[in-house]
1. Taking the stretch 100-126 as the search range and keeping residues that are surrounded by 22 or more Cβ atoms within 10 Å (Cβ to Cβ) and polar (S, T, N, Q), which one is modelled with the lowest pLDDT?
2. Looking only at the stretch 172-221, count how many residues are surrounded by 15 or more Cβ atoms within 10 Å (Cβ to Cβ), small (Gly, Ala, Ser) and closer than 17 Å to residue 102 by Cβ.
3. Yes or no: the stretch 208-219 includes at least one residue that is free of Cβ contacts under 8 Å to residues at least 12 places away in the same chain, over 17 Å from the mean Cα position of the chain (by Cα) and part of a helix (DSSP H, G or I).
4. Looking at the stretch 221-254, which of its residues are within 22 Å of the chain's Cα centre (by Cα) and more than 30 Å from residue 175 (Cα to Cα)?
5. Look at residue 38 and say whether it is surrounded by 22 or more Cβ atoms within 10 Å (Cβ to Cβ), modelled with pLDDT under 95 and outside any strand (DSSP E or B).
6. Looking only at residues in the stretch 222-256 that are assigned to a loop (DSSP other than H, G, I, E, B), more than 16 Å from the ligand (Cβ to nearest atom) and free of Cβ contacts under 8 Å to residues at least 40 places away in the same chain, which one is surrounded by the most Cβ atoms within 10 Å (Cβ to Cβ)?
7. If you scan the stretch 174-201, which residues turn out to be outside any helix (DSSP H, G or I) and within 14 Å of the ligand (Cβ to nearest atom)?
Amino acid sequence: MKYLRKPILLLSFILTFATCSEDGDLNVFSVEQDLELGRQTNQEIRNTPSDYPILDTEDYPEAYSYLQRMVNDIVQQGDVAHADVFPYEVTIINQDVQNAFATPGGYLYVYTGLIDVLDNESELAGVLAHEIAHSAERHSTNQLTKQYGFSTLVSVITGGDPGLLSQIAGSLLSLRFSRSDEAEADDRSVDYLCNTRYAANGAAGFFESIQDGSSPPEFFSSHPNPDNRVADINARAQEQNCSTTTGDQTAFQQFKADLP
Ligand SMILES: [Zn+2]
């Protein structure tokens, strides 16, 4: 009996912690574990400058304060989940790559190569809102739950295998979202921006800007491209009577000019 009781206790522990998102995805991680995975991944990125040449905050204080203020505007409008737990902190990677990404727990990264092709600040707000949504809706740990399977993740949840969390943090950087995650992040970007001074369909403008170039942007390698996403974003903004006008661009142009 002594040996039988432990698995039963473990199972009830897992069932207590496993949560379903609104669209029914099972997630065996806790919100705090999302944050822990994010911290570890952020550390790994900072320890690998050859792969992730990070723009130094001390050398570019104005650029960072402009970008972080934009993130704060989006997060503080009230609809972003876990805003009291996740840091929603943005980092600029100085590389000619048209991409942006987010870890679990709210660590956001934008490449200078992406910022360079954007036309206005609402497009930048759109891509940031989209990445914030991936963290807030916990898409990475939903995917990990599917990828690693329930039984492997038992060890993570119970702390039985401390090395496994690091291993999983490592695999996060090559994780691909699903098309439904992408569609949800697009929807949330409209919802978030609707309550800000940025155009609510900023993400649609962003997709149009990155598709203008001749080579396919890296963004779509980690974020699969659902059909009709520009039309869907515009339709959602219209349905909810959100403003789609973008205001004065002086600060945005200055921000772009300040970057290397
Ligand atoms: Zn995405």
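1. 103
2. 6
3. Initial filter on the stretch 208-219 (free of Cβ contacts under 8 Å to residues at least 12 places away in the same chain): 211, 214-216.
From what's left, over 17 Å from the mean Cα position of the chain (by Cα): 211, 214-216.
Within this subset, residues satisfying the condition of being part of a helix (DSSP H, G or I) are 211.
Yes, because at least one residue in the stretch 208-219 is free of Cβ contacts under 8 Å to residues at least 12 places away in the same chain, over 17 Å from the mean Cα position of the chain (by Cα) and part of a helix (DSSP H, G or I).
4. Kept after step one, since they are within 22 Å of the chain's Cα centre (by Cα), are these residues of the stretch 221-254: 221-234, 236-237, 252.
Answer for the stretch 221-254, where residues must be within 22 Å of the chain's Cα centre (by Cα) and more than 30 Å from residue 175 (Cα to Cα): just 252.
5. Numbers: surrounded by 22 or more Cβ atoms within 10 Å (Cβ to Cβ): yes; modelled with pLDDT under 95: yes; outside any strand (DSSP E or B): yes.
Yes.
6. Filtering first and then ranking leaves 248.
7. Taking the stretch 174-201 first, the residues outside any helix (DSSP H, G or I) are 175-178, 195-201.
Those that are outside any helix (DSSP H, G or I) and within 14 Å of the ligand (Cβ to nearest atom): 175, 176, 177, 178.
The values are calculated or read from the model by the stated rules, or taken from the named source; none is laboratory data. What you are looking at is a predicted structure, and each value in this text was computed from that prediction instead of being measured. Note that we place each Cβ from the backbone using ideal geometry, even for glycine, and neighbour counts take in every protein chain shown.
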